[in-house]
Amino acid sequence: MLLRIKLLCVAFGWVKDVTNQSKYYTKLKEYNIRLFASPRNMIYVVRNNKIILKSYKPRFEVMYNTWKEDFIFIINEKCTNKMFEVTRNLELEVFTDFANLYKIEKLPYIILTLRNNCLRNIIYNYADSKIDFSNAYAITWLKKAKLFVIEKDIEEYRLVGVTKENGECHLAEMNFSLSKEPEDVCYPQLVGNTIILLTEGKASVLHKFDSIKEKGWLPAPYEYLARKGEELYMVEISDDVNMINIDADEIKPLAEEFTGLENFFVLKNGNNVAIVKYEDDQLVRLGAVDGTGIKIGTPFFDFSESAIKIPLKVTVEKNLTE
């Protein structure tokens, strides 16, 4: 009877059969499902002469679940988001009242933010019709790296990968945490004090430092000065990670303000200071003296050698007693 009424509506132009507009048209027909749209932005799902679902059109979506060979309908009914699984035998309401929904391409996963009393984020596995992961904070998907990012707490993020076994998908949490969310790139990147590499479905820690800071005065291509234990490194992060171990407690530019001296540096090691030059991807020691630092004096022109000379002053700390 309902279908007859609906067909009458079609005949008079009140609704329109839009089943053939779906990319799943063949499968919908196989399941004896038809879709009707009204001028009032409503969608009606009709199956076996019965309206089984209706939705506000802008929030209506249909997915064919190849893992279980059924349909998933995402609808908005009476200002409430709902998700249904429609098998050959029944219509099963899966989730009601969710805030956000994100589908993972080529994997049977959906990220949902549920409103049940308080916001909760889940990873729903529609191949098995079960929740594989639940979290109080945000869950995001890195499309290129094919990894989930789980926000556990302030400055604590975990990565979760997808493994496949016997045609089934499973989630595997990595055994390390990060201080912030990584970028969706598949080359080395710095996250906090850690250099990581994300590849398709996997993540590895390349280096973990006690501290690492960007220094604009380091010789190209090096950008970062890092410390791990008592070791000091110059670090370059590009398609690969390159490091030079600095045999000193501290490194500073010799004369950052003078053009032509960009590759000269002062190394401090206890009560010894040395001047080094960066060339051929290494620090070449030019000389060393006892002291705690080196300062640049006033440049002067040496007529006898037709050259500008820059005097260097060694600073020494002494303990004064009365």
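If you take the residues in the stretch 225-265 that are of a type in the set (Asp, Glu) and not in a strand (DSSP E or B), which one is farthest from Val191 (Cα to Cα)?
Glu257
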Would you say Asp132 is assigned to a strand (DSSP E or B), of a type in the set (Asp, Glu) and touching a Cys at 6+ places or on another chain (Cβ under 9 Å)? yes
Test: Ala274 is modelled with pLDDT of 80 or more and in contact with a Gly (Cβ under 8 Å, 6 or more places away or on another chain): yes
Need a quick list: strands (runs of 3 or more DSSP E) entirely within the stretch 14-81 having at least 1 residues that are modelled with pLDDT of 90 or more, surrounded by 13 or more Cβ atoms within 10 Å (Cβ to Cβ) and aromatic (Phe, Trp, Tyr). 33-37, 42-47, 61-65, 70-77
Is it the case that some residue within the stretch 232-251 is closer than 24 Å to Lys144 by Cα, modelled with pLDDT of 95 or more and hydrophobic (A, V, I, L, M, F, W, C)? yes
In the stretch 266-288, which residues are in contact (Cβ under 8 Å) with a residue 24 or more places away in the chain and not in a loop (DSSP other than H, G, I, E, B)? Val266, Lys268, Val273, Ala274, Ile275, Tyr278, Gln282, Leu283
With (1) hydroxyl-bearing (Ser, Thr, Tyr); (2) assigned to a loop (DSSP other than H, G, I, E, B); (3) under 21 Å from Arg59 (Cα atoms) as the list, and Thr113 as the residue in question, which single condition is left unmet? (2)
Of everything in the stretch 160-215, what is of a type in the set (S, T, N, Q), part of a loop (DSSP other than H, G, I, E, B) and buried (at least 16 other Cβ atoms within 10 Å of the Cβ)? Give them in sequence order. Asn193
Can you tell me which residue among Val45, Val62 is on the phi < 0 side of the Ramachandran plot, more than 30 Å from the chain's Cα centre (by Cα) and among the β-branched types (Val, Ile, Thr)? Val45
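The values are calculated or read from the model by the stated rules, or taken from the named source; none is laboratory data. Predicted model only: the values in this text are computed from it and were never measured. Positions of Cβ are backbone-derived with ideal geometry, glycine not excepted, and every protein chain shown enters the neighbour counts.
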